[in-house]
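What follows is a short report on a single structure.
A short reminder: the numbers here are calculations on the coordinates, not readings from a lab. All of these numbers come straight from a predicted model, not from anything done at the bench. Here Cβ is always computed from backbone atoms with ideal geometry, including for glycine, and neighbour counts include all displayed protein chains.
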Amino acid sequence: MIKKIIKNLSIFIFLGIVFASLNAFAQNTPQTGEKKIDFTEDGVYAKNIAIKDLQNLFDLFEYDRYIYMPGWKYPPIFLENMPTDFMSVEDRNKRINYFIKIMIPLALKTNEEIQIERLDFVNIRQAFDKNTDLTDEEKEKLEKFAERYDVFTRMSGLRRYNILIEKLDEKINTIPPSILIANAAIETNWGDSAPLREGNSLYKELVWYTDEGIKPEDSVDDSYRIKTFPTLLDSIRSFALKINSNVNYELFRHSRADLLSRGPVVNGRNISHNFYYNSNLQNFLGLLNYTITFYELTNIDKAKLGFPDENDFRLPD
C-alpha cells in the first residue's frame with residue numbers, strides 16, 4: 001500500500017523493478033512507437049503506453065479519483081503522450097476522467113518548475129533591495145529572465161534593473177492548474193484531436209511562416225502551423241510561459257497578483273474571465289468557466305505532487 005511505500009524510501013526506489021515489469025503488459029495493443037516506463041526519483045515517466053498500463057500505474061499508487069486525494073497530493077505519473085488506445089475507451093465519462101487524471105500531475109509539475117524559477121528570481125530581487133545593486137552573476141540571470149519572459153526596457157544601470165525586477169515580479173508565478181487543465185480539455189475536446197495525437201499539442205499554439213508543425217485541416221491560409229512538442233509536458237510548459245509573458249495575458253497577471261496579495265492560492269474560476277484572448281472558439285469564456293466548475297477543477301488549485309502520509313488519511317475533527 002502507498003502508506004508503507006512513502007515510509008521507506010528504499011522500498012519506494014525498489015518499485016522501479018515493478019515499473020519495468022509493466023512494460024510487458026498490453027502486448028496486443030497497437031503501438032505507435034516503443035513502449036517505455038521509467039521510474040526515477042522525480043517520478044514515473046511513461047511513453048506509448050496503453051490504457052491498461054495506465055490503469056496499472058494508477059492502481060499501484062491508489063490514484064483512483066481526481067476530485068479528492070488524501071492531503072491533496074497527487075502521484076507524479078507523467079505521460080509523454082496520450083495512451084495509444086485512448087479513444088478506444090467508449091465511455092466518454094471514463095475518457096474525461098482519464099484525461100483529467102493524466103493532466104493533473106503534468107500541470108502540477110509545470111507549476112513546481114515555475115516555483116523554482118520564482119525562488120531564483122526572488123533571491124535576486126531581495127539582493128537588489130538590500131544592496132541597491134547586483135553581482136555580475138545576478139545581472140546575467142536577471143537578463144535571461146527578462147529575455148525569457150519578454151520584458152524590455154531601454155533604460156540602463158540601476159533604473160534598468162529596477163524596471164526589470166518590477167515587471168518580472170508579476171510575470172514569474174504559478175498558474176492555477178484548473179486553468180491549464182480546462183484549457184487543454186476544451187482545445188483537444190477531452191483528448192480527441194489530431195494535433196494532440198500527432199504532435200502532443202494540448203493548446204493548438206501556432207507558429208508562423210514555417211513548414212514545421214501541423215497544417216490545420218480545411219485551412220486556406222498557409223502562413224501558419226500548429227506547434228508540435230516532444231512531450232505533453234513540453235506543451236504545458238510552453239502554454240504556461242505564454243500566459244506569463246504574452247501581452248494578451250497582462251490582465252490575467254494583474255488579477256493573479258491581486259488575488260495572491262489576499263491569499264496563497266488562486267482559484268481558477270475567479271480568474272478565468274481574463275482568458276478572452278486565448279481562443280477563437282465561440283463562447284470560450286463560458287466553456288472555460290463551465291469546465292472548471294462542472295468538473296470541480298478548482299480543487300486541484302490547492303494540490304501538489306507527492307504521496308500521502310498517514311495523517312492525510314485522517315478525517316478532520
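Taking only the Cα atoms of the stretch 21-175, how large is their convex hull per residue, in Å³?
Working: hull volume 25.3 nm³, N = 155.
Hull volume over Cα atoms, normalised by residue count, gives 163 Å³.
Taking each residue as 0.36 nm, the span from Arg65 to Thr135 lengthens on full extension beyond its C-alpha to C-alpha distance by 20.4 nm.
How high is the relative contact order of the chain, in percent, counting Cα pairs under 8 Å that sit 6 or more residues apart? Could you put the intermediate results ahead of the total?
On the way: 422 pairs, mean separation 65.6, N = 317.
Relative contact order for the chain comes out at 21 percent.
Its convex hull of Cα atoms gives the stretch 164-230 a direction-averaged projected area, equal to a quarter of the hull surface, of 6.3 nm². Residues whose amide H falls under 5 Å from that of Leu79, counting only those 5 or more places apart or on a different chain, are Ala46, with hydrogens built in the peptide plane. Under 5 Å from the amide H of Tyr224 lie the amide H atoms of Tyr209, each residue being 5 or more positions distant or on a separate chain, with H modelled from the backbone and absent for Pro and chain starts. Modelled label positions at Arg148 and Asp211, each set 7 Å beyond Cα in the direction of Cβ, lie 3.3 nm from each other. The stretch 245-299 and the stretch 60-119 have Cα centres lying 20 Å from one another.
Loop sites by DSSP among the trypsin sites (Lys or Arg not before Pro) of the chain, restricted to those with at most 15 other Cβ atoms within 10 angstrom, leave 155-261 as the longest stretch without any of them. If the elastic network links every pair of Cα atoms under 10 Å, which of Ala107, Ala46, Ala146 fluctuates the most in the Gaussian network model of the chain? Highest fluctuation of the listed residues: Ala146.
The stretch between Arg262 and Val122, if pulled fully straight at 0.36 nm per residue, gains 48.5 nm over its current Cα-Cα span. Other residues within the sphere of radius under 15 Å centred on the Cβ of Gly191, judged by their own Cβ, net out at -1 (K and R +1, D and E -1).
In deg cm²/dmol, rounded to 500, what helix-only [θ] at 222 nm does the chain give when every DSSP H run of at least 4 residues adds -39500 (n - 2.57) and the total is split over its residues? Present the calculation step by step, with values, prior to reporting the outcome.
Details: 13 runs with 155 residues, N = 317.
That comes out to -15000 deg cm²/dmol.
Residues of the chain were split at every exposed loop site, defined as GluC sites (Glu not before Pro) in a DSSP loop with at most 12 other C-beta atoms within 10 angstrom, and the longest piece left, sites excluded, is 91-211.
At each listed q (0.14, 0.33 Å⁻¹), what is the log10 of I(q)/I(0) that the Debye formula gives for the stretch 118-158 modelled as equal alpha-carbon point scatterers? Once normalised to I(0) and log-transformed, intensities are -0.30, -1.26.
Under conditions of 25 °C and 0.890 mPa s, the stretch 184-262 yields 177 µm² s⁻¹ as its translational diffusion coefficient, taking Rh as the Kirkwood radius over Cα pairs in the Stokes-Einstein equation. Model label points for Leu281 and Met155, set 7 angstrom from Cα along the Cα-to-Cβ axis, are 4.0 nm apart.
Using Stokes-Einstein with the Kirkwood hydrodynamic radius over Cα pairs, what translational diffusion coefficient do you get for the stretch 242-294 at 25 °C and a viscosity of 0.890 mPa s, in µm²/s rounded to a whole number? It diffuses with D of about 209 µm²/s by this estimate.
Roughly what % of Cα-Cα distances in the chain sit above 27 Å, to the whole percent?
Numbers: 24638 of 50086 pairs.
I get 49 percent for the Cα pairs in the chain exceeding 27 Å.
Quick check for me: using +1 on Lys/Arg Cβ and -1 on Asp/Glu Cβ, what's the dipole size of the chain about its Cα centre, in debye to the nearest 20? Spell out each step's value before the answer.
Values: 40 positive and 47 negative charges, 116 e Å.
That gives a dipole near 560 debye.
Under the combined filter of DSSP loop state and at most 13 neighbouring Cβ atoms within 10 Å, the stretch 171-253 retains these chymotrypsin sites (Phe, Trp or Tyr not before Pro): Tyr209.
Two-decimal Rg/Rh of the stretch 103-235 from alpha-carbon positions, Kirkwood Rh?
Over the Cα atoms of the stretch 103-235, Rg/Rh equals 1.09.
With the charge dipole of the chain set up from +1 on Lys and Arg Cβ and -1 on Asp and Glu Cβ about the Cα centre, the Cα lying farthest toward the positive end among the listed residues Phe61, Gly191, Leu233 is that of Phe61.
With Kirkwood's inverse mean 1/r over C-alpha pairs for Rh, give me the Rg to Rh ratio of the stretch 167-317, two decimals please. Present the calculation step by step, with values, prior to reporting the outcome.
On the way: Rg = 17.1 Å, Rh = 16.9 Å.
Here Rg/Rh amounts to 1.01.
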